[in-house]
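One structure is given below, encoded as structure tokens.
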Amino acid sequence: MNPHPHPVDLVITGAQVVSHERIVSACVAIHGEHIVAVGDLAAMPESTHVFDATGLHLLPGAIDSHVHFRDPGYPHKETWQTGSGAAAKGGVTTVFDMPNTNPPTGTLDALAMKLKAAEHSYVDFGIHGLLGDDTVDHLEDLLNAGVSSFKAFVGNTFGNLPAPSDGALLEGFEKLAPLGIRTVVHAENSSIMARRQAQLVAAGRTDALAHLAARPAVCEIEAISRVSILAQWTGARVHIAHHSAADSLYLIEEAKARGVDITVETCPQYLLLNTERMMELGGVLRVNPPVRESRHNEPLWQALKSGVIDMIATDHAPHSIEEKTRANIWECDCGFPGVETQMPIMLTEVSRGRASLTDYVLWSSVNPAKAWGLYGVKGVIASGAHADIAFVDLNKTGLIEQSLFQTRSKISPWQGRAVHGAPLHTMVRGRFVMQHSKLIEDSVGWGRNIKGVQAMPTPHPRNTEHTSRSIVKTP
Ligand code: DOR
Ligand code: ZN
């Protein structure tokens, strides 16, 4: 029996379909925004169009939990149009944008500005609202107005947003735990870093490694320890951004073993780059947290493989060339673009046998979909899911060339790196946003807020008798 009496829009033929479990030869039928069938050619419904993808692998589009599209506030660094265009070119079909824009995404007005800017997105998006002392009283309003999750800048970084006090963090977690909402944490200890940096500056250090000296791994260790204790006490879900240090992995392992709902991302720069490259590149590789000594690289890979680290994100943090190349390290803005280069860089590691293609799908797509309550709708190529697909050519080779980036930030520590494997076409909810490595400019504005399809199952909050709400409630 044919379940589709009318011709469907499209059947993709000839490709290998990849999940986190297996790679199979299969066709994919798409109608409107959804996948309606995956299987043998003979089982495909009639279709208006056929797309021959012979030789390509179809991956669920990457879901990047961590991008900074800078809009509103810093359009010379990035806009939603340029940033999401870079995502489309990188095989990334959903992004989560960070709140350190100007104004920061901690008020309804600022959120409205961001949602307006995001109307120019090529790809689907979630919005991380700001969790801080000034915003903790209206988290529910922000959720109702469209944020998917929150971000707490426990460590200071670009934008210089004050770290939340421990009191506000606890209160925020108390409020978010019963709602099942996850909070991203920039886990570095601000007070240690401020003191160290002041001492280094006073001593006249302006070299690249002074940046690492200001942010030792103990900053990450301490912050993860504190946050996981508050998350355990409240039952709140948390997500550790850009995990950088081997020394803090044991805390994640322990927190997971204690039942804390803690997910963790790392980024290609922490897996593949280190102080050797920092000495060569200086400010171009200045990022928070810093890339560390080479001894950290391999344990982060092992943690991904064992599931201690759940996923790959990019911390796509665009700045202008001028802002990245100042002589004094303290004057170089932190971060660099990544949403466009993540997939080719990671596929290259797959081609080297560092990980399997199914591992990569787990880290780039399945686990982020699960963390943000999207799995089934996103993160998988299966009937009923959004047709979010990266069409990948595993044989494509080339060199990363920053001058050709879609992002406005045409300066990258990956410049000149040889890559093996790249997305050729990207589809978001049934529509191509990139074809033959070229952005489909008509698809600008096609991206939607994932809020409408997000389902965060409600957990059982703990220690509710101690929440601020029960403290202040009149009997
Ligand atoms: O290096 C960084 N840059 N790390 C962050 O956490 C933020 C980012 C930015 O917004 O530029
Ligand atoms: Zn970031």
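The values are calculated or read from the model by the stated rules, or taken from the named source; none is laboratory data. Keep in mind that this is a model prediction, so the values were computed, not measured. Note: ideal-geometry Cβ built from the backbone for every residue, glycine included; neighbour counts use all protein chains shown. Remember, those area values only see protein heavy atoms, side chains included, never the ligands or the DNA or RNA. Shrake-Rupley method; radii C 1.70, N 1.55, O 1.52, S 1.80 Å.
Within 16 Å of ligand 2 (Cβ to nearest atom) and either open to solvent by less than 40 Å² (accessible area, probe 1.4 Å) or basic (Lys, Arg) (or both) - does that describe any residue in the stretch 209-217? Within the stretch 209-217, one or more residues are within 16 Å of ligand 2 (Cβ to nearest atom) and either open to solvent by less than 40 Å² (accessible area, probe 1.4 Å) or basic (Lys, Arg) (or both).
So is Thr234 surrounded by fewer than 24 Cβ atoms within 10 Å (Cβ to Cβ), of a type in the set (Val, Ile, Thr) and on the phi < 0 side of the Ramachandran plot or not? For Thr234, the condition - surrounded by fewer than 24 Cβ atoms within 10 Å (Cβ to Cβ), of a type in the set (Val, Ile, Thr) and on the phi < 0 side of the Ramachandran plot - is not met. For the stretch 35-50, a residue qualifies if it is out of contact with any Ser or Thr (no Cβ under 8 Å at 6 or more places or on another chain), touching a residue at least 24 places away in the same chain (Cβ under 8 Å) and in a strand (DSSP E or B), and the qualifying residues are Ser47, Thr48, His49. One residue stands out in the stretch 295-317 among those that are surrounded by 23 or more Cβ atoms within 10 Å (Cβ to Cβ) and among the small types (Gly, Ala, Ser): the one that is nearest to ligand 2 (Cβ to nearest atom), namely Ala317. Restricting Asp52, Asp40, Asp137 to residues that are among the acidic types (Asp, Glu), out of contact with any strand residue (DSSP E or B) (no Cβ under 8 Å at 6 or more places or on another chain), over 17 Å from Val380 (Cα atoms) and open to solvent by 10 Å² or more (accessible area, probe 1.4 Å) narrows the list to Asp137. Could you go through the stretch 112-124 and let me know if any residue there is basic (Lys, Arg) and touching a strand residue (DSSP E or B) at 6+ places or on another chain (Cβ under 9 Å). Checked against the condition, which is being basic (Lys, Arg) and touching a strand residue (DSSP E or B) at 6+ places or on another chain (Cβ under 9 Å), the stretch 112-124 yields at least one hit. Kindly indicate the residue of the stretch 239-255 that is within 16 Å of ligand 2 (Cβ to nearest atom) and either touching a residue at least 60 places away in the same chain (Cβ under 8 Å) or open to solvent by 10 Å² or more (accessible area, probe 1.4 Å) (or both) and also nearest to Ala369 (Cα to Cα) among those meeting that condition. This residue is His239.
Quick check on this structure: which one of Thr94, Thr105 is within 16 Å of ligand 1 (Cβ to nearest atom) and among the β-branched types (Val, Ile, Thr)? It would help to see each step written out before you state the result.
Working: Thr94 fails: within 16 Å of ligand 1 (Cβ to nearest atom).
After applying the criteria, what remains is Thr105.
Given the criterion of a type in the set (Lys, Arg) and open to solvent by less than 20 Å² (accessible area, probe 1.4 Å), identify the matching residue among Arg258, Arg292. Write out each step before concluding.
On the way: Arg258 fails: open to solvent by less than 20 Å² (accessible area, probe 1.4 Å).
Step by step, each of Arg258, Arg292 is checked, and only Arg292 is of a type in the set (Lys, Arg) and open to solvent by less than 20 Å² (accessible area, probe 1.4 Å).
Residue under question is Gln269, and the condition is that it be open to solvent by 10 Å² or more (accessible area, probe 1.4 Å) and part of a helix (DSSP H, G or I); does it hold?
On the way: open to solvent by 10 Å² or more (accessible area, probe 1.4 Å): no; part of a helix (DSSP H, G or I): yes.
Spelling it out, it is not the case that Gln269 is open to solvent by 10 Å² or more (accessible area, probe 1.4 Å) and part of a helix (DSSP H, G or I).
Whenever a residue of the stretch 149-164 is farther than 18 Å from Pro103 by Cβ and within 9 Å of ligand 1 (Cβ to nearest atom), its partners that are open to solvent by less than 30 Å² (accessible area, probe 1.4 Å) and assigned to a loop (DSSP other than H, G, I, E, B), lying with C-beta atoms within less than 7 angstrom and at least six residues away or across chains, give the pairs Gly155/His186; Gly155/Ala187; Gly155/Glu188; Gly155/Asn189; Gly155/Asn288. For the stretch 445-465, the candidate set comprises residues that are among the small types (Gly, Ala, Ser) and in contact (Cβ under 8 Å) with a residue 40 or more places away in the chain; within that set, the residue that is surrounded by the fewest Cβ atoms within 10 Å (Cβ to Cβ) is Ala455. Of all residues in the stretch 69-85, those satisfying the criterion of being open to solvent by less than 10 Å² (accessible area, probe 1.4 Å), within 13 Å of ligand 1 (Cβ to nearest atom) and either in a helix (DSSP H, G or I) or not acidic (Asp, Glu) (or both) are Phe69, Arg70, Lys77, Gly83.
Of all residues in the stretch 169-190, those that are open to solvent by 10 Å² or more (accessible area, probe 1.4 Å), more than 21 Å from the chain's Cα centre (by Cα) and more than 16 Å from ligand 1 (Cβ to nearest atom) total 6. All told, Ile224 meets the bar of being in a helix (DSSP H, G or I) and in contact with a helix residue (DSSP H, G or I) (Cβ under 6 Å, 6 or more places away or on another chain).
The residue list Leu130, Leu108 contains one member that is open to solvent by 10 Å² or more (accessible area, probe 1.4 Å), more than 24 Å from Gly85 (Cβ to Cβ), without any contact (Cβ under 8 Å) to a residue 40 or more places away in the chain and within 16 Å of ligand 2 (Cβ to nearest atom), which is Leu130.
Comparison of Val201, Val264 shows that the only residue that is of a type outside the set (Ser, Thr, Tyr), under 28 Å from Pro413 (Cβ atoms) and either surrounded by fewer than 21 Cβ atoms within 10 Å (Cβ to Cβ) or over 20 Å from the mean Cα position of the chain (by Cα) (or both) is Val201. When the stretch 253-312 is limited to residues that are among the polar types (S, T, N, Q) and out of contact with any Ser or Thr (no Cβ under 9 Å at 6 or more places or on another chain), the one that is nearest to Gln232 (Cα to Cα) turns out to be Ser306. Say whether the condition of being within 16 Å of ligand 1 (Cβ to nearest atom) and either assigned to a strand (DSSP E or B) or out of contact with any helix residue (DSSP H, G or I) (no Cβ under 7 Å at 6 or more places or on another chain) (or both) is met by at least one residue in the stretch 290-299. There is no residue in the stretch 290-299 that is within 16 Å of ligand 1 (Cβ to nearest atom) and either assigned to a strand (DSSP E or B) or out of contact with any helix residue (DSSP H, G or I) (no Cβ under 7 Å at 6 or more places or on another chain) (or both).
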